[in-house]
Amino acid sequence: FPSAVVAFIGIAEYLLVLAPQGWVDESMYPAISQRAVSLFRNPNILGTYLAATFPMSIMLVLPKFPTKVRILGVISAAYIAVAASLTFSRSAWLAIFAGAILFAVMISPRGLLFILPAAAAVVSLSLIFPDTVGVRLLNFISLTDSANNYRLAVWNSSRDLLSDTFLHGIGWGEEAFRTAYINYAAEGTQSVVHSHSLYMQIAIQTGLIGLVLFILTVWLIIRKCISVTATKQSDSS
């Protein structure tokens, strides 16, 4: 429910032309004048939140839930999908696509068949909205996209910082990162407050031990999910 509300606010602000501007390269994407941010101040952060909650909403559509709950799940999933599309965050699009497929596979091995209609839906959206969705997808890995060039510069600078701090880290907080990063920053990236990479950020701030603990935690969660799913499928059979 909170995710649906957040998504609804993002859709409403976009339709009412209240979403902030300047989050996209206007020379490459003249048809994209705004990007939804909802209760967040950044469309990419909103996209991250929606990508994380989307599988939770489609879970409610499963037959084991009452009809009213399934209707709520459909409405929530629809709001989240539309709001995520209006963020024009390509990483969020990819995360939602991959997350939906992974969820389908965990429910049943036949979930792999979901790839075909999902891919067809993406292609259809690109053809229906060529000046927005289509052009964003086409430039996903293009080096002519200023956002991609910017991230590459930040990654290269962060890598240099990481090479000197990998064993011990620099500590938590934007101020700690800003203070250390400025000595390695490429031209035009001096104001960066994070490395635009979760794994690199954790390694920079907490060092090798923090990165290993994080990866281990993620692995334990994945293993638990697989175990629970396998148990449920075994019980149902």
Item to complete: Find, among the trypsin sites (Lys or Arg not before Pro) in segment 36-104, those assigned to loop by DSSP (not H, G, I, E, B) with at most 15 other beta-carbon atoms within 10 angstrom.
Response: Arg41, Lys64
Item to complete: Percent of Cα-Cα pairs per 5 Å bin, from 0 to the last occupied bin, for segment 1-142, please list those.
Response: 2, 10, 18, 22, 21, 14, 8, 4, 1, 0
Worksheet item: Given the rule -39500 (n - 2.57) for each run of at least 4 DSSP H residues, summed and divided by the residues of the chain, what is its mean residue ellipticity at 222 nm, to the nearest 500 deg cm²/dmol?
Response: -22000 deg cm²/dmol
Worksheet item: Across every pair of different alpha-carbon atoms, what Kirkwood hydrodynamic radius in Å does the chain reach?
Response: 20.0
Practice prompt. Using R₀ = 30 Å, calculate the FRET efficiency as 1/(1 + (r/R₀)^6) where r is the Cβ-Cβ separation of Ser163 and Arg41; round to 0.05.
Written response: 0.45
Worksheet entry | Net length gained if the chain between His194 and Met56 were fully extended (0.36 nm per residue, minus Cα distance) | 46.9 nm
Response to the item:
Quick calc, Ser33 & Thr67: beta-carbon distance into FRET formula, R0 41 Å, rounding 0.05, result 0.55
Item to complete: For segment 52-120, just run the numbers: alpha carbon Rg, then divide by 2.2 N^0.38 Å, N being how many residues it has.
Response: 1.11
Item to complete: Using the Karplus curve 6.51 cos²θ - 1.76 cosθ + 1.60 with θ = phi - 60°, work out ³J(HN,Hα) for each residue of segment 82-94 in order, rounded to whole Hz, and write x for Gly and Pro.
Response: 5, 4, 5, 5, 7, 6, 6, 8, 5, 5, 5, 4, 5
Practice prompt. Can you pull the one-decimal nm distance between simple spin-label points at Ile128 and Cys225, each 7 Å off the Cα toward Cβ?
Written response: 2.8
Item to complete: Could you grab the Rg to Rh ratio for segment 167-237? Cα atoms only, Kirkwood for Rh.
Response: 1.27
Discussion item. Just to verify a number: FRET efficiency for Ala78 and Leu208, C-beta to C-beta distance, R0 = 41 Å, to 0.05?
Written reply: 0.40
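Quick note: the coordinates plus some simple rules give every number you see, no bench work behind them. Every value quoted in this text rests on a predicted model; they were computed, and no experiment measured them. A quick note on method: Cβ atoms are made from the backbone with ideal geometry, for glycine too, and the neighbour counts reach across all protein chains shown.
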